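Here the structure comes first, spelled out in structure tokens, and everything after it is commentary.
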Amino acid sequence: MGGAGAILGTLALIAGIVFGGWQLGWWFQRANNTRSNELIQQGYSNQLTLSQQVTSKLAEVENITVQIAKAGNDTALTAALFPQRAAIASIVCQDADQIQSIQLPADQLAWIGANCEAGSLSPNSSLYQAGQ
């Protein structure tokens with residue numbers, strides 16, 4: 001009986017080692033994937049794309065601001081344009097928050113400083129409040 005117990009104990013130990021190794025493999029795979037994603041995010045190509053999108057979206061925000069000014073007292077039009085402008089400005093803030101290895105132009109940095117907070121459109125921004 002002692003020999004059978006030892007065999008069962010050895011099999012249980014081997015099963016534990018195999019299962020533990022399998023779990024450890026999954027853990028290493030997740031860590032590898034996370035690191036790969038971080039490298040891609042910080043890659044020059046991705047950073048350049050984000051920078052170009054910030055420039056493009058800022059132009060859209062400016063264009064909508066001009067449309068709002070031209071709309072004058074057309075409340076239906078301005079009611080549609082204010083949230084659209086805020087949504088696009090939010091995208092600018094999100095993109096700018098992800099840029100770490102490319103320097104944005106000073107005017108864009110100033111706009112981001114005045115309107116963004118932690119990757120979101122700041123509640124203190126004039127673009128945040130409808131009708132501003």
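Bear in mind that the values in this text are calculations on the coordinates, not laboratory data. Just so it is clear, the structure is predicted and the values come from calculations on it, not from any experiment. Note that we place each Cβ from the backbone using ideal geometry, even for glycine, and neighbour counts take in every protein chain shown.
Per-residue ellipticity at 222 nm computed for the chain from its helices equals -27500 deg cm²/dmol, with DSSP H segments shorter than 4 residues left out and the rest contributing -39,500 (n - 2.57). Between helix 106-115 and the chain there is an angle of about 80 degrees, using the helix long axis and the longest principal axis of the Cα atoms. To the nearest ten degrees, helix 75-98 and the longest principal axis of the Cα atoms of the chain are 40 degrees apart. Using θ = phi - 60° in the Karplus curve 6.51 cos²θ - 1.76 cosθ + 1.60, the 3J(HN,Hα) couplings for region 117-124 round to 8, 6, x, 10, 5, 5, x, 7 Hz; x is entered for Gly and Pro.
A straight line joining the Cα centroids of region 44-69 and region 87-123 runs 10 Å.
Would you mind counting up the charge near G119? Only other residues with Cβ under 13 Å from its Cβ, with Lys and Arg at +1 and Asp and Glu at -1.
Details: positive: none; negative: D95, D97, E117.
Counting the neighbours of G119, the net charge comes to -3.
Taking the Cβ of T55 as the center, what net charge do the other residues with Cβ under 12 Å away carry, scoring Lys and Arg +1 and Asp and Glu -1? Counting the neighbours of T55, the net charge comes to -3.
Given the alternatives (1) 1.04; (2) 1.91; (3) 1.11, Cα Rg over 2.2 N^0.38 Å as computed for this entry is given by (2).
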